[in-house]
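The values are calculated or read from the model by the stated rules, or taken from the named source; none is laboratory data. Not measured: the values here are computed from a predicted model. Cβ placement follows ideal geometry from the backbone for every residue including glycine, while neighbour counts extend to all protein chains displayed. Ligands, DNA and RNA are stripped out before the accessible areas are found, and what is left, the full protein with its side chains, is counted by its heavy atoms. Shrake-Rupley method; radii C 1.70, N 1.55, O 1.52, S 1.80 Å.
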Amino acid sequence: MSLQTDDCNFPLLDVQGLKKFFPVKGKGLIESFRREKGQVKAVNDLSFQLYEGETLGLVGESGCGKSTTGRTILRLTEPTEGKAIYKNKDIFKLNGKALRQMRQELQMVFQDPYSSLNPRKRIGHTLEESLAIHSIGTKQERTERVMEILYKVGMKLEHYYRYPHEFSGGQRQRLGLARALIVNPKVVISDEPVSALDVSIQSQIINLLKKLQNEMKLTYLFIAHDISVVRHISDRIGVMYLGNIVEEAPTDKLFESPLHPYTKALLSAVPIPDPQIKKERIILKGEIPSPLNPPSGCVFHTRCPHVMNICKTQTPMRKEMSIGHSVACHLYE
Ligand code: SF4
């Protein structure tokens, strides 16, 4: 894995001012007559860059917009506003053949791989179908490619003939990976890929992801709510809160010297394996506010232990404090 923060390196994926708002409609029998009551601002003016060969982790509490970010970039849901530049083209403007090509190069791994595997089809056939959709190879070549990818993700060749329900959670996640990787993508967006697994299986899957990244020269956007899991795989981490990144830094730097009060609270909950070291847990008051009605100014001000008057009215801009380490907080202005 490589970390590239040098200005002369262009990002492989450049997300600029991404917004995804979902309309909330009032009551009524016929949907088209229902009035729009408001909007859930799931992702609100989010920008980040993803460099070739690296892993960028996106971390935050459930409901912070990290999964919507991944799904919107891949056009599984359409954006409200913004750009996602991949190889000099805006993904949000692609259609037809160019959109299909992008979908081959950017793949997604889901938390529940069962949902992306057809329960009525043998695994081998499901995987071959992914190749057929993109018109890759002859029938014979597709079968060979399936055998090869099954081996790569640590499955046995006999698994080709089995159905999804015959596998354990860990095996299904390996198959989810196989389904994403079989078309030879450049970027893989993993949405909570290990959250549903036991801790011992989690580390096996993380190690597999790292191994495959090296072998297949992959670039990862790794989305998860558990910052200790994200730490193990990410070169850089973006901490998300209510639709935007509040702090972004190389992984070691984020853990050594977090700046944003929300990041500090997240890290204070991470256990340290040394009983000699005592650290104070920062307990945040209240729940994450609703993205339907986000707080004014800094969206974290309703829970922040350092809140000042300015925080309630003015939105802090994300500023770079040192190379690759940026934060959005009035404490650093
Ligand atoms: Fe806290 Fe204010 Fe910083 Fe927001 S801007 S994190 S409320 S200190």
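When Cys298 is tested against the conditions (1) near the ligand (Cβ under 8 Å from one of its atoms); (2) farther than 20 Å from Lys20 by Cα, the lone failure is (2). For the range 43-69, which residues satisfy the criterion of being farther than 20 Å from Pro11 by Cα and assigned to a loop (DSSP other than H, G, I, E, B)? Listed by number, the residues that qualify are Gly60, Glu61, Ser62, Gly63, Cys64, Gly65.
Got at least one residue in the range 195-213 being more than 25 Å from Ile123 (Cα to Cα), polar (S, T, N, Q) and modelled with pLDDT of 95 or more?
To start, the set of residues in the range 195-213 that are more than 25 Å from Ile123 (Cα to Cα) comprises 199.
Pick out the ones that are also polar (S, T, N, Q) and you get none.
No, the range 195-213 has no match at all.
Every listed requirement among (1) at positive phi; (2) open to solvent by 40 Å² or more (accessible area, probe 1.4 Å); (3) more than 16 Å from the ligand (Cβ to nearest atom); (4) not basic (Lys, Arg) is met by Gly286 save one, (3).
Listed by first and then second residue, the pairs linking a residue in the range 303-328 that is under 18 Å from Ser257 (Cα atoms) and within 8 Å of the ligand (Cβ to nearest atom) to a residue that is in a loop (DSSP other than H, G, I, E, B) and of a type outside the set (Asp, Glu), with Cβ atoms under 6 Å apart and 6 or more places separating them unless they lie on different chains, are Ala328/Pro316; Ala328/Arg318.
Could you tell me whether Leu254 is within 13 Å of the ligand (Cβ to nearest atom) and open to solvent by less than 50 Å² (accessible area, probe 1.4 Å)? Please lay out each step first, then the result.
Values: within 13 Å of the ligand (Cβ to nearest atom): no; open to solvent by less than 50 Å² (accessible area, probe 1.4 Å): yes.
So Leu254 fails the test.
Taking residues in the range 70-90 that are part of a loop (DSSP other than H, G, I, E, B), and partners anywhere that are open to solvent by 70 Å² or more (accessible area, probe 1.4 Å), the pairs with Cβ atoms closer than 7 Å and at least 6 places apart or on different chains are Thr77/Arg71. Summed over the range 82-102, the residues that are touching a helix residue (DSSP H, G or I) at 6+ places or on another chain (Cβ under 9 Å) and of a type outside the set (Gly, Ala, Ser) give a count of 11.
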